[in-house]
1. Any chance you could count how many residues in the range 4-26 are charged (D, E, K, R) and either modelled with pLDDT of 95 or more or out of contact with any Ser or Thr (no Cβ under 9 Å at 6 or more places or on another chain) (or both)?
2. I'd like to check something: does the range 39-49 contain any residue that is surrounded by fewer than 17 Cβ atoms within 10 Å (Cβ to Cβ), modelled with pLDDT of 90 or more and hydroxyl-bearing (S, T, Y)?
3. Looking at the range 138-152 only, could you name the residues that are farther than 17 Å from N9 by Cα and in contact with a strand residue (DSSP E or B) (Cβ under 6 Å, 6 or more places away or on another chain)?
4. Which of the residues belonging to the range 2-38 are open to solvent by 50 Å² or more (accessible area, probe 1.4 Å) and within 17 Å of I177 (Cβ to Cβ)?
5. State whether one or more residues within the range 50-63 are buried (at least 18 other Cβ atoms within 10 Å of the Cβ), at pLDDT below 90 and within 16 Å of the chain's Cα centre (by Cα).
6. Return yes when Y88 is crowded, with 16+ Cβ neighbours inside 10 Å, of a type in the set (S, T, Y) and at pLDDT 95 or above and no when it is not.
7. In the range 110-153, how many are modelled with pLDDT of 70 or more and either more than 23 Å from M1 (Cα to Cα) or open to solvent by 40 Å² or more (accessible area, probe 1.4 Å) (or both)?
Amino acid sequence: MTKSILFQNTTLLEGTTITAPDSKGERRFYGYAFLPDDQDILDVFSKGFYPRHLECYPRELTEVSTSRRIRGVATIQSYICHYAAYQYIYQRITSGNEIYLVDLREVGGIVKRASTPAFCCHGYRQGDSAFQLFPFTREYHRLETLAPVPGEAVIGMVTSFKVRTYFAPLTKLKLHINPGYRQGVEGVRAIADLFNGESDWVMV
C-alpha cells in the first residue's frame, strides 16, 4: 500500500459512504478501517471480531435500539486513519498487538469524535501529533461497530517496511492477505489498487 494519504484517511477511497447525522446526531461510516487487536492472527482471519455487548444484551437487539446504551470497549473499535490505530497500540503499552484492515462496507461503524478531557483511554491524546498531522481525525476519531465483523470481512493484516516510530507516520504498508476474505485474492487486489492508485503491486 503505497499512497499514505489514502491509508491515513480511508474516507477518500472509492466506495466509502458516510451518512448524514441521524436524529441522535450520529453518523455512520461504511468502508475500510484499521482495527488493532491482540488476538491470534489465524483466529482473526477465521473468526473475525465479536463485540462484547452481545454477551450482555440479547442478540435480537438491533444497533439502533442499543446504540445509546453501548459504548467504548463493549463495541468493536477501529480507525479510519492508520496512524490513529497505531497510536492506540502505543498508548496501551502492550506487546503483541497487530493492526488489521477490515471491510466495513456492510456492517459499518458509528463515527466518534475526539473525547474530552484531553487524555482519553480509547485513542490518542487530544492535541498530539496525530491531530496536527491529520486534522480530520478531530471529527473522525474512531469507529464503534455493534455487529460482529466476521473473518471473511478481514482483508488482512498490515505491517511496516521498517521499525515503527511513534512520531513518524508510515509512508508504505505491507498487506498480508487473509486467504478467507470473502472476495478472494482478486478482491484483495482490487482493494490494494484503491490504496495504491495504480494496478502494479507485488505478491510476496
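The values are calculated or read from the model by the stated rules, or taken from the named source; none is laboratory data. From a predicted model like this one, the values you see are computed outputs, not experimental measurements. Glycine also receives a Cβ, built like all others from the backbone with ideal geometry; neighbour counts cover every protein chain displayed. The area values use the complete protein model at the heavy-atom level, side chains included, leaving out ligands, DNA and RNA. Shrake-Rupley method; radii C 1.70, N 1.55, O 1.52, S 1.80 Å.
1. Taking the range 4-26 first, the residues charged (D, E, K, R) are 14, 22, 24, 26.
The next check asks that each one be either modelled with pLDDT of 95 or more or out of contact with any Ser or Thr (no Cβ under 9 Å at 6 or more places or on another chain) (or both); those that pass are 14, 22.
So the answer is 2.
2. yes
3. T145, V149 - these are the residues of the range 138-152 that are farther than 17 Å from N9 by Cα and in contact with a strand residue (DSSP E or B) (Cβ under 6 Å, 6 or more places away or on another chain).
4. The one that is open to solvent by 50 Å² or more (accessible area, probe 1.4 Å) and within 17 Å of I177 (Cβ to Cβ): T2.
5. Yes: one or more hits.
6. Numbers: crowded, with 16+ Cβ neighbours inside 10 Å: yes; of a type in the set (S, T, Y): yes; at pLDDT 95 or above: no.
The answer is no for Y88.
7. Final tally of qualifying residues: 19.
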